Amino acid sequence: MMKPSEAHGRRPDTPCIYVMYLKDAPATPIGLISFCRRTPDVPMDLGWTVAPDHRRKGYASEASARISRYWKDEFGIKEMCIVTSEDNIPSRKIAESIGYVDGGYVMMEGKKEVAYVLPGMKKFEGQIFPFWGDGEIPEEDD
């Protein structure tokens, strides 16, 4: 979960999950955006998934850009990342299209994954990035 020092002393109690809907079909979810901290050593990460019928239409780009901007503008989050596999070209293109830059790499489940970070952030150099998180709750910063 997010550290209070990252968000002006505020933080949600759980990872943030946003469900994507189309304006003309609000009862049918088409995907989701997640924003969570999996380990204290890696900043909050932004991820997405979109139903196959709705891919390649810009929904992930639009939604992830809005969520990223929301956390930067409303909560003052200065460090965020996106982690994906090297061969996931669509997700890599989305990360770049919403302003994230090459962030080095992390290790997930023993496999090297590419990382994207906000401009100005330090690159990762193989930090451990557990898919399901490490179960540790970050220390309270006052």
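The values are calculated or read from the model by the stated rules, or taken from the named source; none is laboratory data. On a predicted model such as this, the values are computed, not experimentally measured, just so you know. All Cβ positions, glycine included, derive from the backbone under ideal geometry; neighbour counts span all protein chains shown.
Mind checking whether some residue in the range 127-136 is modelled with pLDDT under 95 and of a type in the set (D, E, K, R)? The answer is yes, given that some residue of the range 127-136 is modelled with pLDDT under 95 and of a type in the set (D, E, K, R). Among the residues of the range 91-125, those identified as out of contact with any Ser or Thr (no Cβ under 9 Å at 6 or more places or on another chain) and outside any strand (DSSP E or B) are Glu96, Glu109, Gly110, Pro119, Gly120, Met121, Lys122, Lys123. Taking into account only those residues within the range 74-95 that are under 18 Å from Pro43 (Cβ atoms) and charged (D, E, K, R), which is modelled with the highest pLDDT? The selected residue is Glu79.
Among the residues of the range 40-77, those that are in a strand (DSSP E or B) and among the aliphatic types (A, V, I, L, M) comprise Met44, Leu46, Val50. Screening Leu46 with (1) modelled with pLDDT of 90 or more; (2) farther than 21 Å from Trp132 by Cα gives one miss only, at (2).
Can you say whether Thr14 is at pLDDT below 85, surrounded by fewer than 17 Cβ atoms within 10 Å (Cβ to Cβ) and not in a strand (DSSP E or B), as far as the supplied structure shows?
Considered against the rule, which asks whether it is at pLDDT below 85, surrounded by fewer than 17 Cβ atoms within 10 Å (Cβ to Cβ) and not in a strand (DSSP E or B), Thr14 comes out as yes.
Here the condition is being crowded, with 16+ Cβ neighbours inside 10 Å and under 16 Å from Ile17 (Cα atoms); of Ile98, Ile82, Ile77, it holds for Ile82 alone.
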